[in-house]
Every structure is written in C-alpha cells, then in structure tokens.
There are 2 protein chains.
Amino acid sequence: NCQHTSRLLYPTPKPCYCKRIHSDAKLEDPFTLAQKDLNNLYDDIKKELFVSKSELKSICDYYFDGKGKAFRPMIVVLMARACNSHSNLLPGQRSIAMISEMIHTASLVHDDVIDGSDKRRGKTTINEVWGERKAILAGDFILSAASVALARIGNNTVVSVLSQVTEDLVRGEFMQLGSKENEEERFKHYLDKTFKKTASLIANSCKAVSILVNSDPEVHEIAFQYGRNVGIAFQLVDDVLDFTACASQLGKPSATDLKLGLATGPVLFACQQFPELQGMIMRRFSSSGDVARAWQYVQESEGVDQTNYLAQHYCQEAIRQISLLRPSLERDALISLTQMVLTRDK
Amino acid sequence: NCQHTSRLLYPTPKPCYCKRIHSDAKLEDPFTLAQKDLNNLYDDIKKELFVSKSELKSICDYYFDGKGKAFRPMIVVLMARACNSHSNLLPGQRSIAMISEMIHTASLVHDDVIDGSDKRRGKTTINEVWGERKAILAGDFILSAASVALARIGNNTVVSVLSQVTEDLVRGEFMQLGSKENEEERFKHYLDKTFKKTASLIANSCKAVSILVNSDPEVHEIAFQYGRNVGIAFQLVDDVLDFTACASQLGKPSATDLKLGLATGPVLFACQQFPELQGMIMRRFSSSGDVARAWQYVQESEGVDQTNYLAQHYCQEAIRQISLLRPSLERDALISLTQMVLTRDK
C-alpha cells in the first residue's frame with residue numbers, strides 16, 4: 001500500500017517506489033487523442049526543410065522518418081487543445097508542434113557530433129553516415145528552418161519564448177561539460193542542466209501554444225510549469241533507463257552517460273550512500289575501470305529508485321498544475337501522460 | 001585610359017582592370033561616418049551574450065574583442081541612415097547592426113570547425129583553443145542569442161528576413177562541399193554559393209533596416225540589391241586575396257581555398273584558359289601536387305584580373321542601385337565603400 005504525499009521527499013531515506021500517480025482524472029490515452037492533430041506532421045516538417053533532391057535533403061529526411069515518438073508534438077497539441085476553450089487547434093499551434101520537434105532533432109544532431117555517438121534510436125547517427133561537417137551543417141539547417149517557420153507564425157511573444165529555448169539548450173549542454181566539486185551544488189547543477197537541456201523546450205512550447213489562444217498570464221504559467229515538470233521527469237527517467245534498460249530497448253548502448261563522463265541522478269544519489277564515487281565523478285569516470293565500478297555502485301545503491309521517485313515528484317507537480325485548467329479530455333490525457341513518462345521502459 | 005561600360009563583360013577576353021569606379025558622388029569615408037553609430041557595438045554584443053563568468057563567456061568574448069572591421073554593421077548603419085528621411089537611427093536598426101555581426105561570427109566559428117582551420121584574423125581559432133565540441137556549442141549559442149535579440153525588435157517581417165539568412169548560410173556552405181561537372185553550371189553554382197554564404201547576410205540586413213523605417217517596397221528592394229551586389233563583390237575580392245595577399249596580411253595562410261578543395265573565381269576563370277585544371281577541380285585538388293600546380297596555373301592566367309573585374313561589375317550595379325535613393329552623406333559613403341571593397345588588400 002503506497003502512501004503518496006505531495007511533499008518533496010528528496011533526498012529521502014525510504015521513499016515509496018510504486019510508480020503510480022493517484023489522480024481522479026479519467027484515463028485518456030494521449031497518443032490516441034493527439035493522433036488527429038499529428039497526422040502528416042513529419043511530411044509537413046519535410047516541406048519546411050524543402051531542398052531540391054540533394055544530399056542535404058537526404059540528411060534532413062533521415063531523422064524525420066515518421067518513426068519517432070513525436071513526444072514533444074503530442075504534448076504541444078494536447079496542451080493547445082486544453083488551453084483553447086472556444087476554438088479548434090490553430091494553425092500556429094500546429095506549427096509550434098512541428099517546430100518543437102525540429103528544434104529537438106537539430107539539438108540531437110549536434111549532440112551526437114559533440115559526443116561522437118554512433119547510434120541513435122537504433123539508427124546509425126548522421127555524423128557516422130555523412131561525417132561531422134555535414135552533421136554540424138544539417139543541425140544548423142534544421143534549426144534555421146525552424147526559425148523561419150517560427151517567424152511565419154507572426155507572433156512576437158511566441159518568437160521570444162521559443163528563441164529562449166535554443167539558448168537554454170546550448171547553456172545546458174555547456175553545463176554538462178563542467179562538473180561541480182560540492183555535492184549540494186552538484187545536484188542543483190544537474191537539475192538546472194536538466195531543465196535547460198530537456199525541459200525548457202517542452203515548457204516553452206507549452207507556453208507558446210497557450211499564448212496564441214489565451215491572454216491570461218496565469219494560463220501561460222500553468223502551461224509552462226506543466227511542461228517544465230514533465231520535461232524534468234522525462235529526463236530523470238531517461239537517466240534511469242541508461243542504467244536499467246538493455247541496449248536493444250534503447251536503440252543505443254547503455255551506460256552511455258557514464259562513458260561520456262556524465263554523473264546523472266542515479267550516480268548522484270548513489271554517491272550519498274557510497275562516497276567512493278566522489279572521486280570518480282570529479283574525474284568524469286576517466287580512469288580505467290571507473291565506468292564498471294560506478295555502474296556497480298549504482299546497482300548496489302538506491303540511486304535508481306530514488307531518481308524514479310524524484311521523477312514521480314515532478315509528475316505530481318505537473319498534475320497539480322494542469323489540474324488548474326478547466327476540465328477537458330486533453331487535460332486528462334496530459335495527466336495520463338505523466339504516468340507514461342514514469343513507466344516507459346525505452 | 002579606362003573605358004568602363006555598364007554591360008556585363010564576363011567572361012571577357014580583354015576587360016579593363018583599373019579597379020576604379022566612376023561616380024559623381026562626393027567621396028565620404030564610410031568608417032568615419034558610421035563611427036558614432038558603432039561606438040560600443042562590441043560591448044553591446046557582449047551584453048547580449050550575457051553569461052556569468054564562465055568558459056562559455058570567455059569563448060564568446062574571444063572574437064568580439066573589438067578588433068574586427070565591423071564591416072557588416074558599418075554597411076547596416078549607413079544603409080539605415082540612407083533610408084531614414086525623417087528620423088535618426090532607430091534602436092531596432094542598431095540592433096540589426098549587432099545581429100548581423102553576431103550571425104556572421106557564429107557562422108565563422110562553425111566554418112572553422114568544419115574546415116578544421118587553426119587561424120582566423122591572426123588569432124588561433126576557437127576550435128583550436130577550446131576544442132571542436134565547445135566551438136560547435138559556442139556557434140550555436142551566439143546564433144541563439146542573435147535570435148533572441150532579433151525577436152526583441154518585435155517586427156515579424158524583420159524576423160522573417162533575417163531568419164532566411166541562417167538558412168542561406170548553411171545552404172551555401174553545403175553547396176561549397178559539392179562540385180559541378182559542367183563548366184557553365186559550375187560558375188552559376190559558385191556565384192549562387194557566394195550569394196548564400198556571404199551576400200545574403202548583407203543584403204537581408206540592409207533590407208531589414210529599410211523595412212523598419214520605410215513602407216515602400218521599392219526602397220527595400222534597393223537596399224537588398226545594394227547589399228547583394230556589394231556582398232558578392234566582397235567575396236570575389238576575398239577569393240582573389242587568397243591568391244595574391246601574403247599570409248601575414250590575411251591573418252591566415254594563403255591558398256587556403258585550394259587546400260580546402262575549393263575552386264573559387266580565379267581558378268574557374270583560369271580553367272577557361274587552361275582546361276588542364278578541369279580534372280583537378282573535379283577531384284578537389286586532392287592529388288599530390290594539385291594545389292601547387294593549380295596555384296601556378298592561376299598565376300599564369302588572367303583569372304585574378306577577371307575575378308577583380310567581375311567584382312567591379314557587381315560594385316557598379318550596387319552603385320546604380322543605391323543612387324536611386326535620395327541624396328545623403330550616408331548614400332555617398334555607401335558608394336565610396338564599393339571602392340574600398342575593390343581595393344582592400346587584406
């Protein structure tokens with residue numbers, strides 16, 4: 001029997017790990033509900049990236065193959081409909097769904113160059129197939145096409161809100177390259193990085209669709225906070241999966257983060273139990289055997305559970321926020337979605 | 001005695017190479033005239049790139065050291081004043097001057113990663129000092145800060161016009177990675193690449209400042225065409241300098257383009273005289289001795305003169321365009337500037 005409380009229990013000695021979110025909302029499947037708005041999304045993105053038959057076109061089409069989860073666009077269209085009381089999805093809101101996926105993909109392309117990754121979603125990465133130079137350019141190109149599409153929406157506030165995202169993405173990636181000596185600072189640094197690298201895009205896209213249809217700043221803030229909390233939870237779970245899912249599920253090798261020198265949630269929690277990790281974290285797991293040893297410590301610690309629990313906390317806050325909106329199927333789907341974020345295994 | 005004609009003489013057997021532009025305009029020094037508007041430009045850029053004392057800050061500050069020529073901002077503020085009949089420089093126009101320099105610098109940072117360059121303006125490149133990953137991120141960061149500044153101007157058309165630039169920059173860089181079999185196509189490809197990689201930024205920045213103060217689409221087109229023509233001329237001269245200036249003047253080694261496999265104006269013209277170059281161009285000067293041999297052919301050909309002449313043609317067209325604006329000191333300075341573009345030796 002789990003006894004959820006809404007108070008923040010991190011770091012916590014005995015959290016409840018049941019992974020269930022308690023809410024009165026009717027369970028709505030977010031994917032089904034969002035589907036009608038997401039038809040042809042990838043085709044529309046390819047139209048934005050219009051280039052005549054060329055290598056650039058092949059590269060750009062490579063990730064927009066329609067096989068992605070379209071997780072960001074899904075949240076965006078659901079949030080749009082949850083905020084629209086008197087209208088259908090606006091064309092500008094649909095554009096934001098596209099743009100969010102474009103910005104996300106552009107940042108993946110550059111991240112893979114920066115990390116020298118060779119696999120992504122089970123596919124060989126662009127840098128591996130076409131080389132680094134073309135991967136850098138393709139990322140730049142997708143981002144610039146996103147800016148062009150953004151400008152076309154014709155709303156200055158929306159342009160400002162989404163321009164902030166690319167800045168956050170870079171700041172986040174930069175933060176990831178540095179480490180903090182002090183343990184407390186390190187956790188703050190990690191969560192701040194997580195907001196910038198993952199949650200900012202979701203939070204600001206949610207805010208942008210709400211701005212397009214609603215003049216109430218409180219609604220914008222609810223949309224932003226829902227996106228922020230779900231985004232952070234999403235990344236925390238991602239960081240857990242790097243320790244728990246097998247390579248074939250993830251479409252990339254596991255323990256990638258450790259191999260990249262990154263100390264994510266599970267390691268940071270494990271370090272509270274096993275101070276031996278401190279030195280390894282500081283040298284970014286660069287000594288021989290560090291990765292295997294750190295992996296072992298994490299398995300023996302409660303780091304994975306504690307990170308999951310922290311993700312759950314962020315989802316509860318997301319639910320609290322979104323519940324402030326008027327009732328709608330889409331609002332309920334956004335609530336169900338938090339559950340999916342927590343329980344996904346790839 | 002030179003007999004300039006305005007007809008396009010390219011490719012031409014016996015062009016006039018005097019490099020002088022004939023115009024009735026009073027000679028105004030563009031740098032002096034633009035100076036008051038450019039005071040503190042680099043400090044203001046650094047404020048846009050605000051980051052707390054961090055490595056990212058050092059990297060961003062590295063190129064905005066105030067030692068650049070600020071060629072693009074200068075054209076932008078002069079064009080702004082040439083278009084403003086009843087007002088001073090608007091804050092948004094000053095922002096565009098800054099943004100043009102920021103976009104330019106961001107693209108240099110990525111170009112240097114892509115080309116693996118180790119020198120730029122006599123300084124060690126960012127990729128050489130901080131490594132490729134951080135250079136990629138710094139380029140992304142400067143570009144995103146430019147987008148944030150652009151959004152703040154609050155004019156949708158201006159946002160659209162300048163978003164197009166980053167797209168052109170990437171397309172141009174991509175074109176540069178490919179080559180064309182056919183000679184005529186190759187020249188067209190080269191000039192198209194030159195527009196996208198160099199002139200689009202200048203042309204669209206000029207258009208943007210004119211949009212901010214003027215509702216007449218003819219004026220926007222004049223501003224754009226002046227920028228387009230000066231921009232192409234600027235790059236043609238740059239391509240010539242790679243063959244004629246010594247390394248210490250340029251702040252980077254000469255014959256860089258050949259070493260990068262690029263066939264620019266002088267080589268393309270030389271190929272009309274020496275078809276032996278055809279094979280080397282196609283294999284991007286990759287065989288041993290190609291660079292030295294191609295260099296020699298260019299020196300023996302009229303390729304350099306013909307490229308200079310072509311640049312002159314573009315400057316004449318720039319003058320014809322800008323002369324359609326009402327008379328002003330700034331208009332005359334923009335005319336003088338074409339002369340400086342042609343005669344610069346670094």
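Descriptive notes on the structure:
- Within the range A:30-343: Cβ-based charge dipole about Cα centre, in debye rounded to nearest 20 (Lys, Arg +1; Asp, Glu -1): 800 debye
- Cα-based reach from B:Lys67 at 13 Å (exclusive), listing aspartates and glutamates while leaving out same-chain residues under 8 positions away: B:Asp43, B:Glu101
- Cβ crowding within 10 Å, taken as a proxy for footprinting-reagent exposure, orders B:Ser117, B:Ser286, B:Ser205, B:Ser107 from fewest neighbours to most as B:Ser286, B:Ser117, B:Ser107, B:Ser205.
- Contact order, relative form, for the range A:30-343: 19 percent (alpha carbon pairs under 8 Å, 6 or more residues apart, mean separation divided by residue count).
- Taking A:Asp140, A:Asp257 and counting other C-beta atoms within 10 Å, the order from fewest to most: A:Asp257, A:Asp140
- Each copy carries B:Gly131; placing its label point 7 Å along the C-beta direction from Cα gives inter-copy distances of 2.3 nm, listed from smallest up.
- Cβ-derived FRET efficiency at R0 60 Å, B:Thr343 paired with B:Ser287, nearest 0.05: 0.95
- Listed pairs B:Lys57/B:Lys180; A:Lys57/A:Lys196; B:Lys188/B:Lys259; A:Lys69/B:Lys57; A:Lys47/B:Lys259; A:Lys346/B:Lys47 exceeding 31 Å between Cα atoms: B:Lys57/B:Lys180; A:Lys69/B:Lys57; A:Lys47/B:Lys259; A:Lys346/B:Lys47
- Label-point distances for B:Asn88 to the equivalent site in the other copies, using a point 7 angstrom along Cα→C-beta, read 5.1 nm when ranked shortest first.
- Each copy carries a label point for B:Glu300 at 7 Å from Cα along the beta-carbon vector; from one copy to the others these points are 7.5 nm apart, nearest first.
- Taking all Cα pairs closer than 8 Å and separated by 6 or more residues, the relative contact order of the range A:139-203 comes to 35 percent.
- Taking A:Leu260, B:Leu212 and counting other C-beta atoms within 10 Å, the order from fewest to most: A:Leu260, B:Leu212
- Nonlocal amide H pairs with B:Arg120, under 5 Å, H built at 1.01 Å: B:Thr125
- Normalised contact order of the range A:172-275, rounded percent, pairs of Cα under 8 Å and 6 or more residues apart: 23 percent
- Range in chain B, longest, excluding exposed GluC sites (Glu not before Pro) [loop by DSSP; at most 14 other beta-carbon atoms within 10 Å]: B:1-180
No value in this document is a laboratory result; all are computed from the given coordinates. Everything quoted here is computed from the prediction, not taken from an experiment. Backbone-built Cβ (ideal geometry, glycine too); neighbour counts: all protein chains shown.
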